[in-house]
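> Below is the structure I would like to discuss, written out as structure tokens.
What follows draws every value from the coordinates through simple rules; no lab data is involved. As the structure is a prediction and not an experimental result, all values here were calculated from the model. Cβ placement follows ideal geometry from the backbone for every residue including glycine, while neighbour counts extend to all protein chains displayed.
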Amino acid sequence: MKKILLFNIPIVVLAFLAGMLFKGSSKQIRMDGLTEHADDSNVAFYTCSMHPSVKLQDPNAKCPICAMDLIPVTSGTDDLAGFPSLSLSPRAMKLAEIETTAVERKFVETEIRMVGKVEYDETRLSYITAWVPGRLDRLYVDYTGVAVNRGDHLVDLYSPDLLSAQEELLQAIQTSESLKTSESNFLKSKSLANIESTKEKLRLWGLSEDQISAIEESGTSTDHITINSPISGIVVHKDALEGMYVKTGNRVYTIADLSKVWVKLDAYESDLPWLHYGQAVEFRTEAYPGQVFKGQIAFIDPILNSSTRTVKIRVNLPNPDGKLKPDMFVRATVKSRVAKGGRVMNPDLMGKWISPMHPEIVKNEPGSCDICGMDLVSAESMGYVSADHLEEEAPLVIPASAPLITGKRAVVYLSTKPGHFEGRVVELGPRAGDYYIVFDGLEEGEQIVSRGSFKIDSAVQIQAKPSMMNPDGAEGSMPHHDHSSHAQGKSNDNQMESNPPVVSVSDVPDALTQVLKLMLNDYLELQSSLSHDSIEKSQEHTASLKHQLDTMEEGMLEEDGESFWDGHVNLMDAALIRMDKAPDIQNVREGFLELSNALVPMLKQFGSGLEQEILIYHCPMAFRGKGGDWIQNKSGIENPYFGSSMFTCGELKERLTLTPEKGDDLLHE
């Protein structure tokens, strides 16, 4: 035992001396480094990697918030022309998974999905009414749904007024016969005029020419009139019973010709730029699965429904077999290719002439409509692209994953040279599928970041530069501690003015709470399916959550709150697009991480009305040690990033109680 102890003493002494030597060397290295920085003319200031709002000139200073060593920021990283910029090494770009794409001009296609129902063609409805007061002595059609042909008997109507009119006709005829031998031409012409006026009265009361001729030939009157069907169709309403007394104008039957029907669809405001008169529409019904019906848009309602925030789109459709029944629900699809200026590119209508009332009438040259006789108009006048300048009409587009959008502001990052990225504010047009149309801010051929923009923006924000969420850079950074005001020479009150205002509980509308509740429910189902390795169910819940975002009503918050909400909704939308196109479950899980990172701030900011408790879990091993958070509404770890392979890997990171009583604390957290 003594030998072992004596043997260990030299080792302890050597370790002590080595430690002292290393300690002294460290101090020397630190001092040398500081001296080097102090002499470096390129250093603009020193900042804290955890609190970029701190900017000091003293290299030996500590962060006044966390007491960490400061790091130098060189003048070479200053923003150019007010835009945020960032330089990354090839290794950093690979770790951040940065991808770039060239800005290009091309016709992009988007698919608009709508729902609606089949309705009667209003131009093919006929009402059978009483043209004279009387009594319904017989109804030939006893119930609705009966098919009738043009000229079929419908009603026998007893009318004393009709009898009097017939007697007037017979009396006028007798008077005319008695005046044939008269030498007075005035009396003869007056008698003939009296006959014609009496006949016109009978015509206006519903008698046909054959019925009037029969009265003239027989010389007898009748107190009954038979009302015939003016069109062929289906009796869809029966409004009277036998024996009823009716007045002039009382409706007896409604007949609809169902050989042609209308399909009325509901289009959201965001879909209107892609919808134009004459576009082809495909739709399906529950009654005939697998069968596709086709028609053209014949009318776009100029008035928006303020309750549903939709516009009615009408499609005219032939229905010779009677398969389409009124009030059937349909799911319609319109594929649209939009050119510059919002005009539609349709190769089938280039250089053609189209009827302004009947879009199915298309001709190669000017003429008139075969149905209504109206003059045809050029397709270009209806908003379609001319074939003469087709290449010039292609819009400038970028991938939908490229821009970072917060409310009305959109930021993209350009790759100005290898490894160097510069932010730029752009003006975007409508979204077309996986692309955005660019109105201003970019030129064709410029390289932009199509994947990893949010990571670059985060790095820019850490460097206290203008970014998507913080356009003012360090001046708008939120103070993390009371001492930060001393570090920057500004008061906390001044700093808070540039921060996005926090929405109070009373300002969160019920409609937004309901939307957030539906989104959270879909998210929890998605989390559960990923934790159980079910890619099929995860795709279903991804589509459901995407639908919630697409159909969400806008303008529910004030401008500042709306900016915060829209920014995170766009991040969620980008994550869902990535998940929807993911080739395997691992890529779905990567998109789910982005989705979780966007949803948590929204719940903290607006979720006080949900009145429930949610748990935020963290897995430190996910994504090659980078870690990842997710949300659950129940205890017990169900890891969505590893699934069954490491189902219980993780730890409880935060517990949020979303109730109105604690809402103020939550919203100011």
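> Please arrange Phe592, Phe454 by how many other C-beta atoms lie within 10 Å of their C-beta, fewest to most.
Taking fewest neighbouring Cβ atoms as first place, the list is Phe454, Phe592.
> Output the pairs from Lys455/Lys653; Lys581/Lys604; Lys94/Lys581; Lys417/Lys455; Lys55/Lys455 with a Cα-Cα distance over 27 Å in this structure; if there are none, say none.
Distance filter (> 27 Å) returns Lys581/Lys604.
> Using the Cα gyration tensor of segment 514-664, with a ≥ b ≥ c the square roots of its eigenvalues, what is the shape: rounded (a/c below 1.5), prolate (a/b larger than b/c) or oblate (neither)?
Judged from the Cα gyration tensor, segment 514-664 comes out oblate (a/c at least 1.5, b/c at or above a/b).
> I've got another one for you. Among 526-533, 267-274, how do they line up by average Cβ neighbours within 10 Å per residue, starting with the highest?
Highest-to-lowest ranking by the protection proxy: 526-533, 267-274.
> Among the listed pairs Lys117/Lys323; Lys517/Lys546; Lys517/Lys626; Lys335/Lys537; Lys294/Lys323; Lys260/Lys363, which are separated by more than 20 Å between their Cα atoms?
With Cα atoms farther than 20 Å apart: Lys517/Lys626; Lys335/Lys537; Lys260/Lys363.
> Taking the Cβ of Thr551 as the centre, find all other residues whose Cβ is under 12 Å away and add up their charges (Lys, Arg: +1; Asp, Glu: -1).
So the environment of Thr551 carries a net charge of -3.
> What is the dipole size for segment 122-256, taken about its Cα centre, with +1 at each Lys and Arg Cβ and -1 at each Asp and Glu Cβ, in debye to the nearest 20?
360
> Compare the Cα positions of Val155, Ala130, Ile225 along the charge dipole of segment 122-256 (+1 at Cβ of Lys, Arg; -1 at Cβ of Asp, Glu; about the Cα centre) and return the one farthest towards the positive end.
Ala130
> Summing +1 for each Lys or Arg and -1 for each Asp or Glu, what net charge is found among the other residues whose Cβ lies under 9 Å from the Cβ of Lys260?
Net local charge, Lys260 excluded: -1.
> What's the ranking of 455-461, 248-254 by average number of surrounding C-beta atoms within 10 Å, highest first?
By packing density, highest mean first, the sequence is 455-461, 248-254.
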